[in-house]
Amino acid sequence: MGKENNKESGKKEIGITAEKDEFSEWFTQLMIKADLADYSSVSGCIILKPSAYAIWEKIREEVDKRFKKIGIENAYFPLFIPEKTLAKEQEHIKGFSPEVAWVTEAGNTKLAERLAVRPTSETIMYESYSKWIRSWRDLPLKINQWNNVVRWEFKNPVPFLRTREFLWNEGHTVYATKEEAEAEKEQVISIYKEICEKFMALPSLIGRKSEKEKFAGAEYTVSMEFLMPNGKAIQGPDFHYDGQNFSKAYSIKFLDKGGKEQYAYQNTFAITTRMIGVMFAIHSDSKGLILPPKIAQNAVVIVPILFDDSKSKVLKKAEEIRKKLENFNPILDAREEHTPGFKFNEWELKGIPLRIEIGPKDMEKDSAVLVRRDTNKKEIVKISDIAKKSEEILEDIQDSLLRNAEKKLKDGISKDSTLQGTIKAIKGKKIAFAPLCKAKYCEDILKSKTDGAKVLNIPEKQMFAKEEKCIICGKQADYIAYVGKSY
């Protein structure tokens, strides 16, 4: 929000005072001043306020609807996981053990066995799966749960982006064959991609994680990576093909059609509340929040310009406009204790995609002023055309935000076949696209040489010349990967 120039400017500064390139301070102010979230008394845990939670509800609703179409059902499993259950899958517990929060006492009584506060639910769910699955007729089993998880160990919490507790979906599916399990990858990633692009206007880099960076316990991980305004990448939705790793650890077996006992094949996948923060960060500006219309709880705000001698007529017309635009869940801001300028700034700060201003002079011309949040462009529109025009503008805002984000992502990638070029790209707050080999040793050196960058993911469609060499060891490259600093 810009500086206030109305009678209320003497109050404490309610607008954002940092520029977007001061990312940490800007993002913190955006979260607080746009009324999205607040800090709690627990370090690393934030409170999602209604405006942010409504966006999560929309994401959850759209994902859930698509999951159900492909036969995924919702269930709920306990928050607490016995230590002996968590320890059954050693690679998994090794990956999560630093992040696990433990319950050791209840009241004044020390528990006989520690209980982990859910960091993820494979272990508690698969204990049940091993009892439920007996025959090929019990497959596929496709269960999802919407819940919260706790991952405690990190040094630099960032609201929305890296918090100790967050909300997500966790899908856990079981199949009789490897082919069936792997076929689900495209279905799930397509759903997440559609939600990110069509609703949040967020393009991504989709590919497999390296062996070093994949999910603990998975055969392979497919991730969606996003480029933040500060040059750091951040992982969004992901899909893990777990093969038979968990089925062997938890004895998830079935009798096939020939009566032979087989271990099942499994997948896991998730989208989290992190994506809300990614969307806020990528689209918003120094005035405040910018929301894509399809994800906004309220796509339109109507601000009547009120004077004593015309108040009733203007309010009546504003209400007529509100009814015409009911599909967009409009807000009619008829507050009299605030000036129009204050309201304009407030709704810019809160990211309402389209503002409609109407006063007595506009009524004389049977028109209203439409102001789009993304460009601040104003347009005078006849009231008779306002529904159609509003729809057109909102569609254009949605498309423009995606196009702009696609351009930022494209401009933020630097292709280079040398270590020096990769280091330069990382220092320039970009993602490097560089040839590497599969050796974990080379990834360790890459991280050291680039001051913390890592392999983000590897596009599945690889097109590069055979002479491409690993930028670390100089041997034949196995792939070209996206490399960057990451949350």
Residue by residue through the stretch 287-315, note down the ones that are open to solvent by 40 Å² or more (accessible area, probe 1.4 Å) and polar (S, T, N, Q).
-> Q297, S312
Qualifying residues in the stretch 18-59 (those that are within 19 Å of the chain's Cα centre (by Cα) and in a loop (DSSP other than H, G, I, E, B)) - the one modelled with the lowest pLDDT = G44
Are any residues in the stretch 319-335 closer than 9 Å to A299 by Cα and in contact with a helix residue (DSSP H, G or I) (Cβ under 6 Å, 6 or more places away or on another chain), and if so, which ones?
-> P330
Sort out for me the strands (runs of 3 or more DSSP E) sitting completely within the stretch 346-448 that have 2 or more residues that are open to solvent by less than 50 Å² (accessible area, probe 1.4 Å) and β-branched (V, I, T).
-> 354-358, 367-372
Within the stretch 105-127, is even one residue modelled with pLDDT of 95 or more, in contact with a helix residue (DSSP H, G or I) (Cβ under 9 Å, 6 or more places away or on another chain) and among the hydroxyl-bearing types (S, T, Y)?
-> yes
Go over the candidates K466, K454, K410, K461 one by one and state the one that is without any contact (Cβ under 8 Å) to a residue 40 or more places away in the chain and closer than 15 Å to G207 by Cα.
-> K461
Selection from the stretch 43-67 of residues of a type in the set (F, W, Y), in contact (Cβ under 8 Å) with a residue 40 or more places away in the chain and out of contact with any Lys or Arg (no Cβ under 9 Å at 6 or more places or on another chain) yields W56
Checking S414, S390, S400 in turn, the sole residue that is more than 23 Å from K313 (Cβ to Cβ), in contact with a Phe, Trp or Tyr (Cβ under 9 Å, 6 or more places away or on another chain) and of a type in the set (S, T, N, Q) turns out to be S414
Is it fair to say L325 is open to solvent by 40 Å² or more (accessible area, probe 1.4 Å), of a type in the set (A, V, I, L, M) and more than 23 Å from the chain's Cα centre (by Cα)?
-> no
Set A334, A318: member being within 17 Å of S384 (Cα to Cα), more than 21 Å from the chain's Cα centre (by Cα), open to solvent by less than 60 Å² (accessible area, probe 1.4 Å) and modelled with pLDDT of 95 or more | A318
The stretch 263-277 residues that are within 10 Å of L167 (Cα to Cα), paired with ones that are β-branched (V, I, T) and open to solvent by less than 10 Å² (accessible area, probe 1.4 Å) (beta carbon under 8 Å, 6 or more apart) = I271/I59; I271/V63; I271/I195; R274/I234
Give, as residue ranges, the strands (runs of 3 or more DSSP E) completely inside the stretch 189-302 that count at least 1 residues that are over 30 Å from G15 (Cβ atoms) and charged (D, E, K, R).
-> 205-208, 220-227, 233-243, 253-255, 261-263
How about the stretch 142-169: which of its residues are more than 19 Å from K232 (Cβ to Cβ), in contact with a helix residue (DSSP H, G or I) (Cβ under 7 Å, 6 or more places away or on another chain), open to solvent by 30 Å² or more (accessible area, probe 1.4 Å) and modelled with pLDDT of 95 or more?
-> W146, L167
Would you point out which residue out of K198, K209 is at negative phi, surrounded by fewer than 19 Cβ atoms within 10 Å (Cβ to Cβ) and among the basic types (K, R)?
-> K198
List every residue pair whose Cβ atoms lie under 8 Å apart, where the two residues are 6 or more positions apart in sequence or sit on different chains, the first residue falls within the stretch 28-42 and is among the charged types (D, E, K, R), and the second residue, located anywhere, is assigned to a helix (DSSP H, G or I) and open to solvent by 20 Å² or more (accessible area, probe 1.4 Å).
-> D35/S51; D38/I32
Can you name every residue in the stretch 98-130 that is over 26 Å from the mean Cα position of the chain (by Cα) and either among the basic types (K, R) or open to solvent by less than 20 Å² (accessible area, probe 1.4 Å) (or both)?
-> K110, R114, Y126, Y129
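The values are calculated or read from the model by the stated rules, or taken from the named source; none is laboratory data. Please read these numbers as outputs of a predicted model, since none were measured by experiment. All Cβ positions, glycine included, derive from the backbone under ideal geometry; neighbour counts span all protein chains shown. These accessible areas exclude ligands, DNA and RNA; they are computed on the full protein's heavy atoms, side chains included. Shrake-Rupley method; radii C 1.70, N 1.55, O 1.52, S 1.80 Å.
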